[in-house]
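Quick notes on the structure that follows.
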């Protein structure tokens with residue numbers, strides 16, 4: 001086993017060769033998004049110092065920000081106790097992580113309005129998505 | 001469709017009927033753990049006001065803290081833009097989320113020591129696991 005990939009081999013990749021990844025903002029500790037990585041994506045993330053995910057829908061590497069300019073500068077990478085989940089501590093360029101133009105992808109809050117339970121969008125759109133993706 | 005389950009139906013459950021869940025501490029915003037829920041687990045979490053996950057290894061509902069006493073009091077539930085990831089904002093009883101006796105499960109940090117890249121356990125064990133699980 002090459003020492004260059006020992007740290008990658010420690011991760012318990014799932015049946016599809018993927019690992020769940022949480023992106024958390026340095027400083028505020030806000031959870032900005034959740035995505036997946038394969039070995040190549042994580043190796044490329046470390047090499048580049050920017051988040052590179054595996055797009056399950058497009059079935060290819062996805063350098064976050066490649067279209068929007070909203071790159072994620074990686075400051076720290078963590079692994080959980082079971083070695084099957086990765087946490088990235090990042091600086092979010094443009095302070096926008098969500099394709100809807102919001103700061104975080106987790107903008108829908110479960111609301112109980114007198115027994116009427118539903119998800120409410122509670123965080124503002126900071127930038128029109130039409131102006132993010134030209 | 002019953003209005004009582006409308007909010008559950010909005011979630012895009014995966015092929016196994018599960019959704020990934022991130023547990024984040026209210027206040028510090030620390031990410032404490034990552035687990036999975038099925039419909040029953042999420043419904044039970046809302047009903048109880050405490051985190052109930054689906055244990056994929058034991059194939060049953062897992063009321064976090066049932067053995068350790070380290071329950072997670074749920075203060076807010078969020079859903080992401082794709083509606084396939086849940087974020088819990090919780091108060092962690094005992095301030096310990098990890099079965100290793102640490103505050104957070106994400107205690108291993110990727111470290112580059114002159115080209116020797118590996119995961120290092122950087123957070124302290126706050127309580128001996130033998131004393132957590134009697």
Per residue and in Å³, how big is the convex hull formed by the alpha-carbon atoms of the protein assembly as shown? 149 Å³
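With an 8 Å cut-off on Cα pairs and a minimum separation of 6 or more residues, tell me the relative contact order of chain B in percent. Provide the component values of the computation, followed by the final result.
Working: 240 pairs, mean separation 27.1, N = 134.
Across chain B, relative contact order equals 20 percent.
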How large are Rg and Dmax for chain A when calculated on the C-alpha trace, in angstrom? 16.4, 59
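To two decimal places, what compactness ratio does the range A:44-120 give when its Cα radius of gyration is scaled by 2.2 N^0.38 Å? Can you show the working numbers first?
Values: Rg = 15.8 Å, N = 77, 2.2 N^0.38 = 11.5 Å.
Working it through for the range A:44-120, the quotient is 1.38.
Treat the count of other C-beta atoms within 10 Å as a stand-in for reagent exposure and order B:114, B:95, A:112 from fewest to most.
Values: B:114 5, B:95 15, A:112 10.
Ascending Cβ contact count within 10 Å gives the list B:114, A:112, B:95.
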Distance from the Cα centre of the range B:53-70 to that of the range B:1-48, in angstrom? 14 Å
In chain B, what residue has the beta-carbon at the shortest distance from the axis of the rotation relating B to A, and what is that distance in angstrom, rounded to the whole number? B:29, 2
Label position 7 Å from Cα toward Cβ: report the copy-to-copy distances for residue A:28 in nm, one decimal, ordered from shortest. 2.0
Taking the protein assembly as shown and counting helices only, DSSP H stretches of n ≥ 4 at -39,500 (n - 2.57) each over all residues, the nearest-500 ellipticity at 222 nm comes to -3000 deg cm²/dmol
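Read the figures in this text as sums done on the coordinates, not as results from a lab. What you see is a predicted model, and the numbers here were worked out from it, not measured in a lab. So basically every Cβ, Gly included, is an ideal-geometry build from the backbone, and we count neighbours across all protein chains shown.
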